[in-house]
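Beneath this line is the structure, given in structure tokens, with notes to follow.
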Amino acid sequence: MSDTLNQLTTIVGAQWGDEGKGKITDYFAGNSDYVVRFQGGNNAGHTVIVNGNEYHLHHIPSGVLYKHPVSVISNGVVINPKELINEINSLIDKGITPNLKISDRAHLIMPYHIVMDECLTLHQGELAAGSTKRGIAPVYADKAYRHGIRIGDILEPAIFEEKLKRSYDFNKKVVTQAFGKKFDLDINDIYTDYVEYGNILNDYIIDTQVALYKEYKLNKTFLFEGAQGMTLDVDHGLYPHTTSSNTIAGQVNVGTGIEFNDKKRIIGVAKCYVSRVGVSPFPTEINGEESDFLRQKGKEFGTTTGRPRRVGHLDLVQLKQAVRVNGFTEIAFTKLDILSGIKEIKICDSYQILGKKYDETPGSLGKIRLAKPNYISMEGWESMDQASIEKISKKGFDFLPNALKEYIYFIEDKINCPIKIISIGPQRHQTILR
Ligand code: GDP
Ligand code: IMO
Ligand code: MG
């Protein structure tokens with residue numbers, strides 16, 4: 001396989017997020033004309049490491065480190081403008097000037113959405129997902145209520161004032177009257193701050209739907225970068241322990257206005273174990289020393305919140321669902337260096353729930369809470385030190401340890417999807433194409 005892209009290529013998470021989407025997007029982005037985020041907001045944290053320099057991206061697509069591709073934040077994304085400006089400035093400080101376009105239709109995270117997020121988490125108790133407290137559920141809810149504010153609105157002061165009043169009043173009433181909490185945000189301060197953000201971001205804001213379509217017709221290449229992962233999808237994930245957007249590849253059309261057709265290539269990014277930051281049933285979770293080891297070696301701490309990530313064995317019930325609902329044409333399998341040196345690798349291939357075997361994730365919360373993993377064991381592969389990682393990265397697939405190749409063949413067969421990209425380190429070049 002070469003690293004040439006189809007005209008439309010999508011890269012999405014196959015598990016609970018943090019699979020390495022940023023790394024895989026960065027790997028391909030140099031050959032793309034546009035790299036587009038199409039859902040989620042700054043709940044996402046994507047790490048890209050190039051030449052030893054580490055970058056953490058939250059709103060901006062992971063193609064930004066190259067000069068060529070245009071970075072696009074499209075309509076399906078929710079934006080915290082203050083944080084976006086900080087993100088742009090921190091890239092500029094590192095010598096990268098983003099070539100960025102923002103859809104005028106993208107919704108804005110307002111300060112009261114963050115207050116609401118806190119209230120909702122407390123209110124939802126056991127049913128909360130353990131949100132990143134970035135205001136994601138409230139901003140998508142306001143969009144659905146139809147009193148949300150789009151980024152284009154802050155460029156039109158009269159419209160902004162009209163909309164802000166409705167949205168502010170609603171959120172203030174819910175916080176103070178429904179939740180009985182303090183609400184000390186001043187509407188005039190918000191207005192002034194957001195108009196100023198609009199002034200700063202003005203040059204980036206366009207109608208991306210039309211602009212991207214024109215470029216699409218000119219045969220330009222697009223890389224769509226997902227945030228979160230299939231199990232956090234608000235429809236297909238472990239609801240209510242999800243995020244509030246659709247995270248699967250089908251969202252590209254809705255979140256950008258670009259139609260999907262037979263030119264599609266859909267890469268699912270999957271980690272060779274799983275991690276979960278936040279609250280939900282987690283059938284293959286491991287605890288104690290084994291999990292501490294994996295968490296430390298895999299550096300499993302949230303890019304956005306710094307929270308320790310829960311970790312567990314690879315779950316093929318989850319991965320098979322991701323292959324099916326996304327229509328993956330291939331998998332990018334990450335972090336294989338982290339499992340190296342472990343004697344026995346456990347893989348979950350079905351759940352046991354109330355004495356019955358399940359090959360698919362049940363929609364029932366009651367059932368998934370009771371799910372116990374059925375494991376298959378495979379022989380592990382030898383430890384990979386930096387020198388062997390560098391050697392294999394240069395020489396390619398044939399030079400991977402035999403047990404690791406067997407493991408890859410076995411998984412492809414089980415999930416019925418080829419593993420074409422293999423990641424054996426966090427750096428751009430530590431990637432093998434097959
Ligand atoms: P994303 O949210 O899917 O983009 O993933 P994150 O960036 O939040 O988390 C993935 C972490 O794993 C980051 O720190 C990456 O630098 C790192 N990473 C990605 N691929 C590999 C790999 O193959 N091996 C190792 N050791 N680290 C990786
Ligand atoms: P990336 O793009 C991992 C999780 C939160 C919480 C749930 C809802 O880096 O893979 P939200 O703030 O969206 O309302 O939180 O979703 N979550 C993520 N977990 N990676 C992410 O993004 C996540 N974005 C949200 O921890 O459980
Ligand atoms: Mg992440």
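Miscellaneous remarks
- Residues being surrounded by fewer than 19 Cβ atoms within 10 Å (Cβ to Cβ), in contact (Cβ under 8 Å) with a residue 24 or more places away in the chain and either of a type in the set (Lys, Arg) or not in a loop (DSSP other than H, G, I, E, B) (or both) - total across segment 68-86: 3
- Picking from residues in segment 300-320 that are surrounded by fewer than 21 Cβ atoms within 10 Å (Cβ to Cβ), within 17 Å of the chain's Cα centre (by Cα) and not in a strand (DSSP E or B), the one that is nearest to ligand 3 (Cβ to nearest atom) is Thr303.
- Being out of contact with any strand residue (DSSP E or B) (no Cβ under 8 Å at 6 or more places or on another chain) and not in a strand (DSSP E or B) is a property that holds for Ser340.
- Every listed requirement among (1) open to solvent by 70 Å² or more (accessible area, probe 1.4 Å); (2) of a type outside the set (Ser, Thr, Tyr); (3) in contact with a strand residue (DSSP E or B) (Cβ under 9 Å, 6 or more places away or on another chain) is met by Phe293 save one, (3).
- Evaluation of Glu54 against (1) in contact with a Leu (Cβ under 7 Å, 6 or more places away or on another chain); (2) part of a strand (DSSP E or B); (3) of a type in the set (D, E, K, R) (one fails), failing number: (1)
Residues are listed down the side, and each one gets a yes or a no for (1) touching a residue at least 24 places away in the same chain (Cβ under 8 Å); (2) in the same structural domain as Tyr27 (by TED's automatic domain parsing); (3) open to solvent by less than 30 Å² (accessible area, probe 1.4 Å):
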| residue | (1), (2), (3) |
| --- | --- |
| Gln177 | no, no, no |
| Lys181 | yes, no, no |
| Val195 | yes, no, no |
| Gly198 | yes, no, yes |
| Tyr216 | yes, yes, yes |
| Thr221 | yes, yes, yes |
| Phe224 | yes, yes, yes |
| Asp235 | no, yes, no |
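- Criterion (within 16 Å of ligand 1 (Cβ to nearest atom) and of a type in the set (Asp, Glu)) met by exactly one of Asp349, Asp337: Asp337
- Number of positions in segment 9-20 that are open to solvent by less than 10 Å² (accessible area, probe 1.4 Å) and within 8 Å of ligand 1 (Cβ to nearest atom): 3
The values are calculated or read from the model by the stated rules, or taken from the named source; none is laboratory data. Being a predicted model, the structure only gives us computed values, none of them experimental. In this analysis, Cβ positions are derived from the backbone assuming ideal geometry, glycine residues included, and neighbour counts consider all displayed protein chains. Note: accessible area is taken over every heavy atom of the protein model, side chains too, but ligands, DNA and RNA are not part of it. Shrake-Rupley method; radii C 1.70, N 1.55, O 1.52, S 1.80 Å.
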